[in-house]
Structures are given as structure tokens and as C-alpha cells.
Amino acid sequence: QVQLVESGGGSVQAGGSLRLSCEASGGMFYAMGWFRQAPGKEREFVAVINWTGSNTNCADSVKGRFTISRDNGKNTVYLQMNSLKPEDTAVYYCARSMRGLSAEIDAYNVWGQGTQVTVSS
């Protein structure tokens, strides 16, 4: 069973940047996505990348600020987050998609434990 471990979260001021990493214990021959969940809110889609890295999709709320990428040689997916806003504060999760570039939570069957991102104004 593949296990996913996120890292790179932390606290930054608005306008700052962070890069999240998600390392898989096994091969990642799947599309991989990032989701986030803020306190009191439902988990929401952030971005997804196909297994070759040639195609991506992201939520409108992060377009132009966040970039998803992957290095299959390192079994790692990244989320580069720039121009961070307080509303980006959440626990960020990576997950493995069973349905390509889907933004639906039920398309993902393996999840990491999450990493906290806090953006102060």
C-alpha cells in the first residue's frame, strides 16, 4: 500500500511563499492532487497533476499563485505557493487520484496525514 507523507508547511506572512512536498513510499503511476481544509470548512480541491507531469488543473482561487509539479524519480509531488493570503490558511493534504485530473474528493483513494499552513496578515 502506497503511503504519502507531506512536509514543508509552516507559518508565513501574507505575500510570502512556501513549497510543500509529498513523498510517496512507492511508485506514483497516478495523477496526484493537493487538497486543503480550513477549520470549520469542508476539504477542498487545490490542484492536480497527471502522472507524466504534462497536464495540470487547479482551483480558481489559487490560479496564478500556486503551481503543482512532480519528480517521479524522487516519488515526490510539490506545491509551490506564492503570494499567500490569510484565506490560504489550512491543513494541506496530498492524495492519489484514481480518476485522472478529477477535482472530486471521492476520486482519491490514498491520503497523506496533512501539513499545516498558516498565513498571517
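The values are calculated or read from the model by the stated rules, or taken from the named source; none is laboratory data. Quick caveat: nothing in here was measured; it's all calculated off a predicted structure. Quick reminder, even Gly has a Cβ in these numbers, built from the backbone with ideal geometry, and neighbours come from all protein chains shown. Note: accessible area is taken over every heavy atom of the protein model, side chains too, but ligands, DNA and RNA are not part of it. Shrake-Rupley method; radii C 1.70, N 1.55, O 1.52, S 1.80 Å.
List of remarks:
Matching residues to (1) part of a strand (DSSP E or B); (2) open to solvent by 30 Å² or more (accessible area, probe 1.4 Å); (3) in contact (Cβ under 8 Å) with a residue 40 or more places away in the chain:
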{"site": "VAL46", "(1), (2), (3)": "yes, no, yes"}
{"site": "ILE68", "(1), (2), (3)": "yes, no, no"}
{"site": "GLY73", "(1), (2), (3)": "no, yes, no"}
{"site": "LEU79", "(1), (2), (3)": "yes, no, yes"}
{"site": "SER83", "(1), (2), (3)": "no, yes, yes"}
{"site": "CYS94", "(1), (2), (3)": "yes, no, yes"}
{"site": "SER102", "(1), (2), (3)": "no, no, yes"}
{"site": "VAL110", "(1), (2), (3)": "yes, no, yes"}
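- Output for the stretch 20-44, where each listed residue is in a loop (DSSP other than H, G, I, E, B), open to solvent by 30 Å² or more (accessible area, probe 1.4 Å) and either at negative phi or in contact (Cβ under 8 Å) with a residue 12 or more places away in the chain (or both): SER25, GLY27, PHE29, TYR30, PRO39, LYS41, GLU42, ARG43
- Checking GLY15 against (1) farther than 23 Å from VAL2 by Cβ; (2) of a type outside the set (Phe, Trp, Tyr); (3) touching a strand residue (DSSP E or B) at 6+ places or on another chain (Cβ under 7 Å); (4) exposed (fewer than 14 other Cβ atoms within 10 Å of the Cβ), the condition it does not meet: (3)
- Residue check for THR56: over 17 Å from SER7 (Cβ atoms), surrounded by fewer than 21 Cβ atoms within 10 Å (Cβ to Cβ) and polar (S, T, N, Q): yes
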